Amino acid sequence: METRKIQQVGGGTYTVSLPKEWAEVAGIETGSIVDLHTHIDGVLVIQPQERDRETTGRLTLTVPHADSTCIERALRAAYAAGVEVLEFDAPDGFSDEQRRAVERVTRTLTGVTVTESTATTMTVRTLLDADEVSIKQSVRQLQFVVLSMHRDATAALTGPTAVDSPADRDDQADRLYAMVDRYFERGLARFDEMDALGLTRSELFVCWVTARELERVGDHAERIARTAEELDGRIDDATAEEITDLAATARDIVEDAVHAIVGDAGVDAAREALHARDALRSDVEALDRRLFESTAAAYRLTHVLDSIGRTAEHGGNVAELALRTAIRDGELGEHVGDATVEGQLAE
(Lines give C-alpha, C1' and ligand atoms only; values in the text may rest on other atoms or scores of the structure.)
Protein backbone atom coordinates (compact mmCIF):
# COMPACT_ATOMS: atom_id res chain seq x y z
CA MET A 1 0.00 0.00 0.00
CA GLU A 2 1.21 3.49 -0.86
CA THR A 3 0.24 6.77 0.74
CA ARG A 4 -0.15 10.05 -1.13
CA LYS A 5 -0.62 13.58 0.09
CA ILE A 6 -3.78 15.42 -0.92
CA GLN A 7 -3.13 18.85 -2.43
CA GLN A 8 -5.44 21.73 -3.18
CA VAL A 9 -5.49 23.44 -6.55
CA GLY A 10 -7.16 26.65 -7.66
CA GLY A 11 -10.45 27.45 -6.06
CA GLY A 12 -10.62 24.39 -3.85
CA THR A 13 -10.22 21.29 -6.03
CA TYR A 14 -8.39 18.46 -4.30
CA THR A 15 -5.84 16.45 -6.30
CA VAL A 16 -3.66 13.41 -5.70
CA SER A 17 -0.95 11.96 -7.95
CA LEU A 18 -1.24 8.44 -9.37
CA PRO A 19 1.58 5.89 -9.06
CA LYS A 20 3.53 5.98 -12.32
CA GLU A 21 4.01 2.20 -12.50
CA TRP A 22 0.27 1.56 -12.13
CA ALA A 23 -0.59 4.18 -14.75
CA GLU A 24 1.82 2.65 -17.27
CA VAL A 25 0.44 -0.86 -16.77
CA ALA A 26 -3.12 0.47 -17.06
CA GLY A 27 -2.25 2.38 -20.25
CA ILE A 28 -2.94 5.78 -18.68
CA GLU A 29 -1.13 8.84 -19.97
CA THR A 30 -1.69 12.58 -20.10
CA GLY A 31 -5.20 13.24 -21.37
CA SER A 32 -6.55 9.76 -20.53
CA ILE A 33 -10.04 9.54 -19.02
CA VAL A 34 -10.60 7.45 -15.90
CA ASP A 35 -13.77 6.45 -14.07
CA LEU A 36 -14.21 7.39 -10.41
CA HIS A 37 -16.45 5.10 -8.35
CA THR A 38 -17.59 6.38 -4.96
CA HIS A 39 -19.08 3.60 -2.84
CA ILE A 40 -21.45 3.72 0.08
CA ASP A 41 -18.75 2.22 2.31
CA GLY A 42 -16.55 5.31 1.79
CA VAL A 43 -14.16 3.82 -0.79
CA LEU A 44 -13.12 5.77 -3.87
CA VAL A 45 -11.91 3.65 -6.80
CA ILE A 46 -10.03 4.97 -9.83
CA GLN A 47 -10.35 2.78 -12.91
CA PRO A 48 -9.35 3.06 -16.59
CA GLN A 49 -12.46 3.59 -18.69
CA GLU A 50 -14.05 0.52 -20.22
CA ARG A 51 -11.60 -1.83 -18.46
CA ASP A 52 -14.41 -3.54 -16.52
CA ARG A 53 -16.55 -3.95 -19.64
CA GLU A 54 -14.09 -6.05 -21.60
CA THR A 55 -15.25 -9.43 -20.30
CA THR A 56 -18.90 -8.70 -19.48
CA GLY A 57 -20.09 -6.94 -22.62
CA ARG A 58 -20.43 -9.18 -25.66
CA LEU A 59 -19.30 -12.77 -26.15
CA THR A 60 -19.43 -14.89 -29.31
CA LEU A 61 -19.33 -18.68 -29.16
CA THR A 62 -19.00 -20.95 -32.18
CA VAL A 63 -21.05 -24.13 -31.91
CA PRO A 64 -20.53 -26.10 -35.14
CA HIS A 65 -21.32 -29.53 -33.71
CA ALA A 66 -22.35 -28.81 -30.10
CA ASP A 67 -25.28 -30.74 -28.76
CA SER A 68 -28.10 -29.01 -26.91
CA THR A 69 -26.64 -29.84 -23.49
CA CYS A 70 -23.37 -28.03 -24.29
CA ILE A 71 -25.29 -25.00 -25.54
CA GLU A 72 -27.44 -24.95 -22.40
CA ARG A 73 -24.37 -25.10 -20.16
CA ALA A 74 -22.64 -22.34 -22.09
CA LEU A 75 -25.69 -20.09 -21.88
CA ARG A 76 -26.09 -20.61 -18.14
CA ALA A 77 -22.37 -20.06 -17.56
CA ALA A 78 -22.39 -16.83 -19.58
CA TYR A 79 -25.39 -15.57 -17.63
CA ALA A 80 -23.72 -16.38 -14.32
CA ALA A 81 -20.49 -14.71 -15.49
CA GLY A 82 -22.40 -11.50 -16.14
CA VAL A 83 -22.22 -11.43 -19.94
CA GLU A 84 -24.70 -8.94 -21.39
CA VAL A 85 -24.91 -10.19 -25.00
CA LEU A 86 -24.15 -13.78 -26.02
CA GLU A 87 -24.03 -14.67 -29.71
CA PHE A 88 -24.09 -18.29 -30.83
CA ASP A 89 -22.52 -18.79 -34.24
CA ALA A 90 -23.28 -22.04 -36.11
CA PRO A 91 -21.60 -21.99 -39.54
CA ASP A 92 -23.52 -25.09 -40.63
CA GLY A 93 -26.80 -23.84 -39.20
CA PHE A 94 -28.71 -24.69 -36.04
CA SER A 95 -30.68 -27.86 -35.56
CA ASP A 96 -34.23 -27.62 -34.21
CA GLU A 97 -33.02 -29.20 -30.98
CA GLN A 98 -30.33 -26.55 -30.55
CA ARG A 99 -32.79 -23.73 -31.11
CA ARG A 100 -35.24 -25.21 -28.64
CA ALA A 101 -32.46 -25.52 -26.07
CA VAL A 102 -31.58 -21.83 -26.34
CA GLU A 103 -35.21 -20.75 -26.14
CA ARG A 104 -35.93 -23.11 -23.24
CA VAL A 105 -33.03 -21.84 -21.14
CA THR A 106 -33.77 -18.17 -21.78
CA ARG A 107 -37.25 -18.71 -20.35
CA THR A 108 -35.71 -19.87 -17.07
CA LEU A 109 -33.41 -16.84 -16.62
CA THR A 110 -34.58 -13.46 -15.39
CA GLY A 111 -34.47 -10.66 -17.96
CA VAL A 112 -33.04 -12.83 -20.76
CA THR A 113 -34.45 -13.03 -24.27
CA VAL A 114 -33.48 -14.03 -27.81
CA THR A 115 -33.23 -10.73 -29.70
CA GLU A 116 -32.02 -12.04 -33.06
CA SER A 117 -32.26 -15.39 -34.79
CA THR A 118 -30.99 -16.26 -38.28
CA ALA A 119 -30.04 -19.47 -40.02
CA THR A 120 -26.52 -19.35 -38.57
CA THR A 121 -26.67 -17.02 -35.53
CA MET A 122 -28.72 -16.62 -32.39
CA THR A 123 -28.24 -13.58 -30.14
CA VAL A 124 -29.26 -13.75 -26.49
CA ARG A 125 -29.40 -10.52 -24.52
CA THR A 126 -29.95 -9.73 -20.84
CA LEU A 127 -32.19 -6.66 -20.62
CA LEU A 128 -32.32 -6.31 -16.84
CA ASP A 129 -30.11 -3.54 -15.46
CA ALA A 130 -28.57 -3.61 -12.00
CA ASP A 131 -30.47 -0.53 -10.86
CA GLU A 132 -33.69 -2.49 -11.45
CA VAL A 133 -32.55 -5.30 -9.15
CA SER A 134 -32.98 -5.54 -5.38
CA ILE A 135 -30.67 -8.26 -4.14
CA LYS A 136 -32.10 -8.24 -0.62
CA GLN A 137 -35.67 -8.48 -1.88
CA SER A 138 -34.66 -11.34 -4.17
CA VAL A 139 -33.22 -13.20 -1.17
CA ARG A 140 -36.47 -12.64 0.74
CA GLN A 141 -38.47 -13.99 -2.19
CA LEU A 142 -36.16 -16.98 -2.48
CA GLN A 143 -36.67 -17.74 1.20
CA PHE A 144 -40.46 -17.62 0.78
CA VAL A 145 -40.37 -19.92 -2.26
CA VAL A 146 -38.09 -22.62 -0.84
CA LEU A 147 -39.82 -22.72 2.55
CA SER A 148 -43.24 -23.03 0.91
CA MET A 149 -41.81 -25.91 -1.16
CA HIS A 150 -40.48 -27.48 2.03
CA ARG A 151 -43.81 -27.06 3.84
CA ASP A 152 -45.82 -28.64 1.03
CA ALA A 153 -43.34 -31.49 0.60
CA THR A 154 -43.67 -32.34 4.29
CA ALA A 155 -47.46 -32.15 4.05
CA ALA A 156 -47.40 -34.55 1.10
CA LEU A 157 -45.27 -36.95 3.10
CA THR A 158 -47.29 -36.95 6.31
CA GLY A 159 -50.79 -36.01 5.17
CA PRO A 160 -53.60 -38.07 3.70
CA THR A 161 -53.62 -36.27 0.36
CA ALA A 162 -50.96 -35.31 -2.15
CA VAL A 163 -50.12 -31.68 -2.94
CA ASP A 164 -49.32 -30.11 -6.27
CA SER A 165 -45.95 -30.76 -7.87
CA PRO A 166 -43.28 -28.29 -6.70
CA ALA A 167 -41.77 -28.04 -10.20
CA ASP A 168 -42.97 -24.48 -10.90
CA ARG A 169 -41.72 -23.14 -7.58
CA ASP A 170 -38.45 -24.99 -8.01
CA ASP A 171 -37.99 -23.20 -11.35
CA GLN A 172 -38.77 -19.91 -9.60
CA ALA A 173 -36.21 -20.67 -6.88
CA ASP A 174 -33.57 -21.53 -9.49
CA ARG A 175 -34.35 -18.32 -11.36
CA LEU A 176 -34.00 -16.17 -8.23
CA TYR A 177 -30.74 -17.80 -7.18
CA ALA A 178 -29.30 -17.52 -10.69
CA MET A 179 -30.06 -13.79 -10.73
CA VAL A 180 -28.39 -13.19 -7.34
CA ASP A 181 -25.42 -15.27 -8.50
CA ARG A 182 -25.13 -13.24 -11.71
CA TYR A 183 -25.10 -9.86 -10.00
CA PHE A 184 -22.69 -11.09 -7.35
CA GLU A 185 -20.30 -12.03 -10.16
CA ARG A 186 -20.82 -8.71 -11.95
CA GLY A 187 -20.39 -6.81 -8.70
CA LEU A 188 -16.97 -8.39 -8.21
CA ALA A 189 -15.90 -7.55 -11.76
CA ARG A 190 -17.48 -4.14 -12.27
CA PHE A 191 -17.43 -1.22 -9.87
CA ASP A 192 -20.30 0.55 -11.63
CA GLU A 193 -22.44 -2.52 -10.94
CA MET A 194 -21.82 -2.16 -7.21
CA ASP A 195 -22.90 1.48 -7.43
CA ALA A 196 -26.13 0.47 -9.18
CA LEU A 197 -26.90 -2.33 -6.72
CA GLY A 198 -26.47 0.03 -3.76
CA LEU A 199 -24.59 -2.53 -1.65
CA THR A 200 -21.10 -2.74 -0.24
CA ARG A 201 -19.03 -5.73 -1.33
CA SER A 202 -19.39 -7.35 2.07
CA GLU A 203 -23.18 -6.89 1.97
CA LEU A 204 -23.36 -8.41 -1.51
CA PHE A 205 -21.25 -11.36 -0.40
CA VAL A 206 -23.50 -12.00 2.60
CA CYS A 207 -26.61 -11.95 0.39
CA TRP A 208 -24.99 -14.31 -2.12
CA VAL A 209 -24.01 -16.84 0.55
CA THR A 210 -27.52 -16.65 2.02
CA ALA A 211 -29.06 -17.26 -1.41
CA ARG A 212 -26.75 -20.24 -1.95
CA GLU A 213 -27.85 -21.79 1.35
CA LEU A 214 -31.50 -21.20 0.49
CA GLU A 215 -31.06 -22.83 -2.91
CA ARG A 216 -29.84 -25.93 -1.11
CA VAL A 217 -32.85 -25.85 1.19
CA GLY A 218 -34.94 -25.99 -1.97
CA ASP A 219 -33.02 -29.07 -3.07
CA HIS A 220 -33.91 -30.80 0.19
CA ALA A 221 -37.55 -29.82 -0.26
CA GLU A 222 -37.43 -31.58 -3.63
CA ARG A 223 -35.87 -34.63 -2.01
CA ILE A 224 -38.65 -34.82 0.59
CA ALA A 225 -41.26 -34.44 -2.16
CA ARG A 226 -39.71 -37.30 -4.17
CA THR A 227 -39.71 -39.50 -1.08
CA ALA A 228 -43.39 -38.73 -0.54
CA GLU A 229 -44.13 -39.96 -4.07
CA GLU A 230 -42.10 -43.15 -3.62
CA LEU A 231 -43.42 -44.06 -0.17
CA ASP A 232 -45.70 -47.08 0.00
CA GLY A 233 -48.56 -46.53 2.42
CA ARG A 234 -49.12 -43.92 5.08
CA ILE A 235 -46.78 -43.14 7.97
CA ASP A 236 -48.19 -43.90 11.41
CA ASP A 237 -49.69 -40.87 13.13
CA ALA A 238 -47.08 -40.60 15.89
CA THR A 239 -44.14 -40.62 13.47
CA ALA A 240 -45.92 -38.26 11.09
CA GLU A 241 -46.47 -35.77 13.90
CA GLU A 242 -42.81 -35.92 14.95
CA ILE A 243 -41.60 -35.41 11.38
CA THR A 244 -44.02 -32.52 10.91
CA ASP A 245 -42.77 -30.81 14.08
CA LEU A 246 -39.11 -31.33 13.18
CA ALA A 247 -39.62 -29.98 9.67
CA ALA A 248 -41.46 -26.93 11.02
CA THR A 249 -38.61 -26.24 13.44
CA ALA A 250 -36.06 -26.54 10.63
CA ARG A 251 -38.00 -24.00 8.57
CA ASP A 252 -38.22 -21.64 11.55
CA ILE A 253 -34.44 -21.84 11.90
CA VAL A 254 -33.98 -20.86 8.26
CA GLU A 255 -36.55 -18.07 8.47
CA ASP A 256 -35.08 -16.54 11.65
CA ALA A 257 -31.56 -16.69 10.24
CA VAL A 258 -32.52 -15.05 6.96
CA HIS A 259 -34.44 -12.32 8.77
CA ALA A 260 -31.27 -11.56 10.72
CA ILE A 261 -29.47 -11.06 7.40
CA VAL A 262 -31.98 -9.19 5.21
CA GLY A 263 -34.76 -8.34 7.63
CA ASP A 264 -35.20 -6.44 10.87
CA ALA A 265 -35.05 -9.38 13.26
CA GLY A 266 -31.62 -8.47 14.66
CA VAL A 267 -28.77 -10.61 15.86
CA ASP A 268 -30.83 -12.21 18.65
CA ALA A 269 -32.80 -14.09 15.99
CA ALA A 270 -29.55 -15.57 14.68
CA ARG A 271 -28.54 -16.70 18.14
CA GLU A 272 -31.93 -18.31 18.75
CA ALA A 273 -31.68 -20.05 15.39
CA LEU A 274 -28.34 -21.57 16.39
CA HIS A 275 -29.73 -22.79 19.72
CA ALA A 276 -32.69 -24.34 17.88
CA ARG A 277 -30.39 -25.99 15.32
CA ASP A 278 -28.31 -27.61 18.06
CA ALA A 279 -31.45 -28.97 19.74
CA LEU A 280 -32.85 -30.21 16.43
CA ARG A 281 -29.72 -32.23 15.77
CA SER A 282 -30.39 -34.34 18.85
CA ASP A 283 -34.10 -34.73 18.08
CA VAL A 284 -33.45 -35.85 14.51
CA GLU A 285 -30.82 -38.36 15.63
CA ALA A 286 -33.17 -39.76 18.29
CA LEU A 287 -36.05 -40.28 15.83
CA ASP A 288 -33.70 -41.71 13.20
CA ARG A 289 -32.41 -44.22 15.74
CA ARG A 290 -35.94 -45.31 16.72
CA LEU A 291 -36.95 -45.74 13.08
CA PHE A 292 -33.83 -47.77 12.39
CA GLU A 293 -34.67 -50.11 15.25
CA SER A 294 -38.30 -50.44 14.15
CA THR A 295 -39.09 -53.17 11.65
CA ALA A 296 -42.28 -51.41 10.56
CA ALA A 297 -40.69 -48.10 9.58
CA ALA A 298 -40.00 -47.29 5.93
CA TYR A 299 -36.29 -46.98 5.25
CA ARG A 300 -36.91 -43.97 3.00
CA LEU A 301 -37.80 -41.90 6.06
CA THR A 302 -34.08 -41.86 6.84
CA HIS A 303 -33.62 -39.70 3.74
CA VAL A 304 -36.37 -37.38 4.95
CA LEU A 305 -34.78 -36.93 8.36
CA ASP A 306 -31.43 -36.31 6.73
CA SER A 307 -32.98 -33.55 4.58
CA ILE A 308 -34.69 -32.01 7.60
CA GLY A 309 -31.42 -32.00 9.50
CA ARG A 310 -29.55 -30.52 6.57
CA THR A 311 -32.23 -27.85 6.16
CA ALA A 312 -31.54 -26.78 9.74
CA GLU A 313 -27.80 -26.84 9.08
CA HIS A 314 -28.18 -24.52 6.11
CA GLY A 315 -30.21 -22.20 8.33
CA GLY A 316 -27.47 -22.44 10.93
CA ASN A 317 -24.88 -21.46 8.34
CA VAL A 318 -26.86 -18.31 7.59
CA ALA A 319 -27.20 -17.59 11.32
CA GLU A 320 -23.44 -17.93 11.80
CA LEU A 321 -22.95 -15.52 8.92
CA ALA A 322 -25.28 -13.06 10.64
CA LEU A 323 -23.22 -13.34 13.83
CA ARG A 324 -19.97 -12.70 11.98
CA THR A 325 -21.54 -9.71 10.25
CA ALA A 326 -22.72 -8.34 13.61
CA ILE A 327 -19.24 -8.75 15.08
CA ARG A 328 -17.65 -7.01 12.10
CA ASP A 329 -20.15 -4.15 12.40
CA GLY A 330 -19.56 -3.82 16.15
CA GLU A 331 -23.05 -4.93 17.17
CA LEU A 332 -21.96 -7.72 19.52
CA GLY A 333 -19.55 -5.93 21.82
CA GLU A 334 -21.80 -6.34 24.82
CA HIS A 335 -22.40 -10.05 24.11
CA VAL A 336 -18.85 -11.31 23.82
CA GLY A 337 -19.17 -13.34 26.99
CA ASP A 338 -22.23 -15.20 25.76
CA ALA A 339 -21.61 -18.94 25.50
CA THR A 340 -23.15 -19.21 22.05
CA VAL A 341 -20.99 -16.47 20.60
CA GLU A 342 -17.89 -17.93 22.21
CA GLY A 343 -18.78 -21.30 20.71
CA GLN A 344 -19.13 -19.83 17.22
CA LEU A 345 -15.86 -17.95 17.52
CA ALA A 346 -14.10 -21.13 18.57
CA GLU A 347 -15.36 -23.20 15.61
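The values are calculated or read from the model by the stated rules, or taken from the named source; none is laboratory data. Small disclaimer: the values here were computed from a predicted structure and weren't measured. Please note: Cβ atoms are built from the backbone with ideal geometry, for glycine as well, and neighbour counts cover all protein chains shown. Note: accessible area is taken over every heavy atom of the protein model, side chains too, but ligands, DNA and RNA are not part of it. Shrake-Rupley method; radii C 1.70, N 1.55, O 1.52, S 1.80 Å.
The listed residues are ASP232, ASP192, ASP170, and the only one of them that is over 16 Å from LEU305 (Cα atoms), open to solvent by 10 Å² or more (accessible area, probe 1.4 Å) and not in a helix (DSSP H, G or I) turns out to be ASP232.
Residue-by-condition table, conditions (1) more than 19 Å from ARG151 (Cβ to Cβ); (2) in contact with a helix residue (DSSP H, G or I) (Cβ under 8 Å, 6 or more places away or on another chain); (3) small (Gly, Ala, Ser); (4) assigned to a helix (DSSP H, G or I):
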site: GLU242; (1), (2), (3), (4): no, yes, no, yes
site: HIS259; (1), (2), (3), (4): no, yes, no, yes
site: VAL284; (1), (2), (3), (4): no, yes, no, yes
site: VAL304; (1), (2), (3), (4): no, yes, no, yes
site: ALA312; (1), (2), (3), (4): no, yes, yes, yes
site: GLY330; (1), (2), (3), (4): yes, no, yes, no
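Within the set LEU147, LEU109, the sole residue that is part of a loop (DSSP other than H, G, I, E, B) and under 17 Å from the mean Cα position of the chain (by Cα) turns out to be LEU109. ARG201 passes every criterion in (1) at pLDDT 95 or above; (2) under 30 Å from VAL133 (Cα atoms); (3) open to solvent by 70 Å² or more (accessible area, probe 1.4 Å) apart from (1). Output yes when any residue across the stretch 50-60 is open to solvent by less than 70 Å² (accessible area, probe 1.4 Å) and of a type in the set (Asp, Glu), and no when none is. Yes: the stretch 50-60 contains one or more residues that are open to solvent by less than 70 Å² (accessible area, probe 1.4 Å) and of a type in the set (Asp, Glu). Could we say that SER294 is closer than 19 Å to THR311 by Cβ, hydroxyl-bearing (Ser, Thr, Tyr) and surrounded by fewer than 20 Cβ atoms within 10 Å (Cβ to Cβ) here? No. Between a first residue in the stretch 125-150 that is open to solvent by 60 Å² or more (accessible area, probe 1.4 Å) and a second residue that is modelled with pLDDT of 90 or more and in a loop (DSSP other than H, G, I, E, B), which pairs have beta carbons less than 6 Å apart while being 6 or more apart in sequence or on different chains? Partner pairs satisfying both residue conditions: LEU127/GLY111. Right, LEU280: farther than 18 Å from PHE144 by Cβ, touching a Leu at 6+ places or on another chain (Cβ under 8 Å) and assigned to a helix (DSSP H, G or I) or not? Yes, satisfied. Of all residues in the stretch 114-134, which are in a strand (DSSP E or B) and under 22 Å from the mean Cα position of the chain (by Cα)? Answer for the stretch 114-134, where residues must be in a strand (DSSP E or B) and under 22 Å from the mean Cα position of the chain (by Cα): ARG125, THR126. Taken over the stretch 1-32, the residue count meeting the criterion of being in contact with a strand residue (DSSP E or B) (Cβ under 7 Å, 6 or more places away or on another chain) and either more than 17 Å from GLN47 (Cβ to Cβ) or loosely packed, with under 10 Cβ neighbours inside 10 Å (or both) is 7.
For ALA260, are the conditions met, namely being buried (at least 19 other Cβ atoms within 10 Å of the Cβ), more than 12 Å from THR311 (Cα to Cα) and touching a Pro at 6+ places or on another chain (Cβ under 9 Å)? So ALA260 does not fit the description; no.
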